[in-house]
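Values in this text are rule-based calculations from the coordinates and carry no lab data. Just so it is clear, the structure is predicted and the values come from calculations on it, not from any experiment. Cβ: placed from backbone, ideal geometry, glycine included. Neighbour counts: every protein chain shown.
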Amino acid sequence: MRKTTKRLYLIPVLSKALDILELLQTENQQMTLEAIHRETKISKTTVYRILKTFVHRGYLSQSQDGLYRQVSRPKKMRFGFGGQSAEMPFSNEVTESLKLAAASVGVDLMILDNSYDGPTAIRNVEQFVEARVDLIIEFQVEQNVAPIIADKIAAANIPLIAIDIPHPHATFFGVDNYRVGVEAGEVLAAHAVRHWSGKVDWILGLDLPEAGQLVQSRITGAFEGVRATIADLPDECFVRMDGRGIRERSRKLVSDFLQRHPKDKHILLAAATDTSALGALDAVREQKRERNVVIVGQDCIAEAIAEMRVPNSPMIASISHETGSYGQNLIHLGLALLRGQTVAPYNYVNHRLVTRETLPPL
């Protein structure tokens with residue numbers, strides 16, 4: 001009877017990594033890369049990459065003269081993340097980016113949904129404090145509850161990073177709200193100059209007042225961007241509306257405005273978020289006013305990009321806040337705070353103007 005050999009399901013590179021770790025455990029002293037290579041017979045390139053990975057993940061330390069030694073394994077970091085709302089596309093993109101970044105560096109992530117609601121955000125923070133997370137990343141929409149949230153977190157001596165809306169005691173992370181607003185306004189004004197000979201009847205701003213002055217500066221910036229291009233527009237042409245970043249609310253506000261001004265043909269609209277912009281677009285189409293209105297949003301969510309591809313769509317641009325970079329930047333910022341490193345109080349993400357002309361072909 002023929003003897004069979006049981007198949008071993010081994011991962012070669014993992015075995016090599018464990019060989020290196022066990023060697024350092026046995027020697028219980030600092031070793032050079034060369035010594036580790038000599039003792040294990042593993043290629044220098046592989047030894048180098050394994051050592052760097054162990055140092056990055058906290059299993060080994062490396063001295064200034066290049067010596068490696070095993071260290072006591074630190075407890076796994078746990079970050080709390082209060083997401084703005086699971087119903088908001090931009091918020092979901094931030095959450096997914098953060099999940100990927102946390103997994104890549106071995107940080108546990110406790111995620112709770114703030115549901116676009118201040119009292120819910122407060123309750124979520126209380127859960128984070130009770131769970132004793134190492135750091136909290138807060139993404140909520142109501143400026144009036146920011147001090148309450150920040151005070152609870154400060155009392156627990158937990159570092160706080162606030163996305164888009166400043167919180168007391170927090171490190172700010174987000175877009176340069178005024179600057180992205182200015183760029184939106186410049187695009188709207190350029191369209192008016194190019195297609196309407198600079199004639200403008202109204203400049204509408206779908207604002208988000210409850211988020212506070214910093215987020216409202218998106219609309220302030222948009223109005224200034226228009227003024228800088230088209231001179232002598234009367235102040236009464238500039239109208240702010242509280243769209244609250246909600247599609248249906250924004251649709252109704254714009255629909256009511258268009259019904260009150262049926263003969264006006266040159267309307268520029270800047271929205272604080274793409275979700276508000278898409279609500280405005282719904283209203284424009286319902287009223288059959290596609291030729292009278294042009295819209296620029298913020299966030300560059302997938303539906304806004306798809307809309308910009310539609311020929312002659314009133315949605316002519318959006319400012320991308322590059323959500324794909326949020327996760328990595330937030331995790332590295334959080335780790336820097338926990339290590340006691342000095343970080344800037346305001347940390348701005350890169351942004352990018354996206355128009356129909358700059359979209360890559362499908």
To the nearest 20 Debye, how big is the dipole of the stretch 177-320 about its Cα centre, given +1 on the beta carbon of each Lys and Arg and -1 on that of each Asp and Glu? 400
How do 204, 233, 258 rank when sorted from fewest to most other Cβ atoms within 10 Å of their own Cβ? 233, 258, 204
Can you tell me what share of the DSSP beta bridges in the chain is antiparallel? A percent to the nearest 5 is fine. 15
Between the stretch 298-319 and the stretch 331-361, the Cα center-to-center distance that results, in Å: 22
How do 237, 300 rank when sorted from fewest to most other Cβ atoms within 10 Å of their own Cβ? 237, 300
Which of 34, 236, 286 moves most in a GNM of the chain, Cα contacts under 10 Å? 34
In a Gaussian network model over the chain where Cα atoms closer than 10 Å are linked, find which of 210, 322, 22 has the largest mean-square fluctuation. 22
Can you tally the net charge around residue 283? Count Lys and Arg as +1, Asp and Glu as -1, for every other residue whose Cβ sits under 13 Å from the Cβ of residue 283. +3
For P(r) over Cα pairs in 20 Å bins from 0, in percent, several values are listed as [x] 26, 42, 23, 8, 1; [y] 28, 56, 15, 1; [z] 30, 59, 11, 0; flag the one computed from this structure. [x]
Stretched out fully, how many nm does the piece from residue 362 to residue 286 gain, at 0.36 nm a residue minus the Cα gap? 24.6 nm
With Cα springs under 10 Å, the Gaussian network model of the chain assigns the largest mean-square fluctuation among 240, 38, 218 to 38
What's the magnitude of the charge dipole for the chain around its Cα centre, counting Lys and Arg as +1 and Asp and Glu as -1 at the beta-carbon? Answer in Debye, nearest 20. 1780
In which sequence would 51, 362 go, from the one with the fewest C-beta neighbours within 10 Å to the one with the most? 362, 51
What Kirkwood hydrodynamic radius do you get for the stretch 177-320 when you take the inverse of the mean 1/r over all pairs of distinct Cα atoms, in Å? 14.4
